[in-house]
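The values are calculated or read from the model by the stated rules, or taken from the named source; none is laboratory data. Keep in mind the model is a prediction, meaning the values are calculated, not measured. Cβ: placed from backbone, ideal geometry, glycine included. Neighbour counts: every protein chain shown. Just so you know, the surface numbers come from the protein's heavy atoms only, side chains and all, with ligands and any DNA or RNA stripped out. Shrake-Rupley method; radii C 1.70, N 1.55, O 1.52, S 1.80 Å.
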Amino acid sequence: MSMSFSTRQRRELAAFIAGLSRPVMRCIASLGTLAVIAACTANPPILEEPLGGSPDDGSQLSNPFRINYAGYLPLQDKIAVYLSDADYAITWELRDRNHKLVASGVSADHRRNDHASGDSFYLIDFSHYTTPGEGYYLVVEDERSHAFDLTNDPYGTLKYEFFDYFRDHRREGDHFSRAVYDWTDHEVTMNFIADAGDQGYYPTNAAEAKWSLINLLETYPDINTYYQDHQGGENSVYEELVFFASPMYELIFPGEKLAVAKLHTNSADWAPCPEASGSGTSCISMPETKATFAVARSLAAMARLHAEYGSQEQVQEAYDYARRALHNAETEEFVCLGPESFGGEGGYYPNNDNWSLWREPRTHRDPCAEGPEADPKDNNVNDDHYAAIVELFLAAQQLGHEEDARALRSKMLAHNHHQRVDAFFWGAVSTEATLSLLTNRPKGLDLRQAESNLFAYADQVLGYQQVGYPGVTFDTQSDYWNSNDRDEVDNNFRWGSNRMQLNDARVLMAAADLQFERGNYKRAARYTNGVLRVLDQISGTNAVALAMYTAGDYPNIEHAITRTHDALVPDSKSGKMVLGPNNWTNSNDGDMPEFGSKPGMKMFALTGTGWASREVAIDANAALLPVVYFATEVAPTYLEKAQP
């Protein structure tokens, strides 16, 4: 019987033979005879395992493979990175824990001098192998990867510890008695979840983090007791949110209309609370408009949850406070604070993040800049306004406040950010409002444009994932963030780049959910694979070869973070995610690489505990939690339904 091959097949066969010759000839040389070529092809010498013990000191970069150390879902697209400057097609092998060859292939998919990382690498696609198991590893020539599993539960009990983050970072009974410039003599004692390394309380960041958990609960109600059922002794998600929301009721002081922008726990000589009377290290900032909108949108969403899980008294309290906060923020004179009005340790959340700082050295710039150059998408406070309108509209409609619902609906429809879907973070939150609309589906509202925008942005994210490292969700050569401030130095890996990409995964999740509901299983799987690629990147398929969270109790997850900028919870506690590479500003952090010295994905502190890349934050873990839940509890079903 004769066989014919296409031109493409002949080329792939030639590449396979060319690549195969190297390991085969090494094997032959080691055994000393041509008679064992067949044996060498199937069973070459077992390669030495890469260095174990999960060092987080830069030595992990010596291994040329970049993989998800936790593992992969059997049916997902499984893409590993192999660093090489070679100019020929490579052969790769997948072997099991017993070193048996289970899959192999050829890759000519080479990316040279990737802009985001500076790396040259091959993409190894072993998606066709779907047999669950432990201890798989990849081989190229005489190099092998760390072992990984193929399982529908690659994160094991670690996924519950990502939720522990919020309980672990609680602060209870903090008393705040000093205010910048003694603008108020009001004192307040609060329970709250510490924001980040500085352990203060930002209403804006807290609202961002709470939205992530609220939307998770409204989208997948089974999550409420998920952590209780598996860990025991934990709060339900709703109960954690009740604690999380409690400080919001303390932020509009007696006689005031706007909410304070931050309560600091740690003011010091180098981070003073200017002209504040009294002793201690607490510091109360002045009130501002942005924080007041954050209070409104957060408590409006809580009113909806109270109606489902709480009491009527809780419903009314949350709704009334949210309604008052929105009214005050809309009717009071707009207030944008500069650093002199914040005081204490840590950053501040002005009207415009991109113009708030000079990048290097980090110094204060113009925090209230606006207009087409400084804020081309009219984000920040206007986004918070839109989100507050939407969240209160949804609450009013659900709770039967018909007059409020009609008035809020008119404002929502007239707003220029209505149904927007774009990159989102605490400085640009209109997408969160759109996702809330798509989750809650208010009666009588046409959301076709929101759906169209959702799919358009999700497709854009999938396109960027095809360019370099397979999990990167944005244009790494964009000039969007340029601000006439060292624009020649790339600035696309923003402070909190891990969180930014997990937020993009939230958009992909919503797109997958919608397509699955419509019975478009192939399309749902396409978006699902995009979500999983983001988690692959967070878990090791990145340019610094680190799993971006602490995982000391999980030795199977090699090269997990062992040092974070977090003075509250020790790094021996698993489940804390760091904010990630940051080429916007070194923030005067001596542990960071020199400003502009490396590509964006490598602007990360390989040693030390630098805050510019290794800081923890509530909005980071809050972004991670829903994506991991989706990956383990939703994605397997979506992928299975797409199988032929």
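Details
- Residue-by-residue Karplus 3J(HN,Hα) for segment 233-247, coefficients 6.51, -1.76, 1.60, Hz, glycine and proline x: x, 7, 5, 5, 4, 4, 5, 5, 5, 4, 4, 4, 7, 4, x
- Solvent-accessible surface of segment 66-224, averaged per residue with a 1.4 angstrom probe and all protein chains in place: 33 square angstrom.
- Peptides 111-124, 157-170, 399-412 ordered by average Cβ neighbours within 10 Å, highest first: 157-170, 111-124, 399-412
- Legend: distances between Cα atoms for Lys100/Lys522; Lys290/Lys598; Lys257/Lys377; Lys159/Lys377; Lys78/Lys159; Lys210/Lys262; pairs beyond 25 Å are Lys100/Lys522; Lys290/Lys598; Lys257/Lys377; Lys159/Lys377.
- Whole-number percent relative contact order across segment 217-319, with pairs defined as alpha carbons under 8 Å at least 6 apart: 20 percent
- Accessible area per residue for segment 501-644 is 28 Å², calculated with a 1.4 Å probe on protein heavy atoms, without ligands, DNA or RNA.
- Other-chain or far-sequence residues with amide H under 5 Å of Met603's (modelled H): Asn582
- Here the translational diffusion coefficient of segment 125-248 follows from Stokes-Einstein with Rh set to the Kirkwood radius across Cα pairs; for 25 °C and 0.890 mPa s it amounts to 135 µm²/s.
- P(r) tail fraction, segment 211-332 - alpha-carbon pairs more than 22 Å apart, %: 47 percent
- R0 of 25 Å, Cβ-Cβ distance Thr562-Glu143: FRET efficiency to nearest 0.05: 0.55
- Cα Rg over Rh - segment 386-519, Kirkwood: 1.03
- Over every Cα atom in segment 452-567, the radius of gyration and the widest Cα-Cα span, Dmax, amount to 16.2, 48 Å.
- Principal-axis analysis of the Cα atoms of the chain puts helix 312-331 at an angle of about 80° to the longest axis.
- Other residues whose C-beta falls under 12 angstrom from the C-beta of Asn328 contribute a net charge of -2, scoring Lys and Arg +1 and Asp and Glu -1.
- Sorted largest first, the principal axis extents computed over the alpha-carbon atoms of the chain equal 92, 55, 50 Å.
- Accessible solvent surface per residue of segment 286-329, calculated while the other protein chains remain in place, 1.4 angstrom probe, Å²: 33 Å²
- Compactness index (Cα Rg / 2.2 N^0.38 Å), segment 294-386: 1.37
- Dimensions of segment 164-228 along the principal axes, based on C-alpha atoms and rounded to the nearest Å, stand at 47, 20, 20, largest first.
- Pairs of Cα atoms nearer than 8 Å and 6+ residues apart set the relative contact order; for the chain it is 16 percent.
- Percent accessible area from carbon and sulfur atoms, segment 203-305, protein chains only, probe 1.4 Å: 47 percent
- In order along segment 471-478, the Karplus-derived 3J(HN,Hα) couplings, from 6.51 cos²θ - 1.76 cosθ + 1.60 at θ = phi - 60°, round to x, 5, 9, 9, 6, 7, 10, 5 Hz, and Gly and Pro are given as x.
- Ordering of 599-606, 241-248 by packing [mean C-beta count within 10 Å, highest first]: 599-606, 241-248
- Computed from backbone phi, the HN-Hα couplings of segment 191-201 come to 9, 7, 9, 4, 5, 7, x, 7, 6, x, 10 Hz, rounded to whole numbers (Karplus: 6.51 cos²θ - 1.76 cosθ + 1.60, θ = phi - 60°; Gly and Pro given as x).
- Once the C-beta distance of Lys573 and Glu48 is scaled by a Förster radius of 30 Å, the resulting FRET efficiency is 0.40 to the nearest 0.05.
- Percent carbon-and-sulfur accessible area, segment 378-535, ignoring ligands, DNA and RNA, probe 1.4 Å: 44 percent
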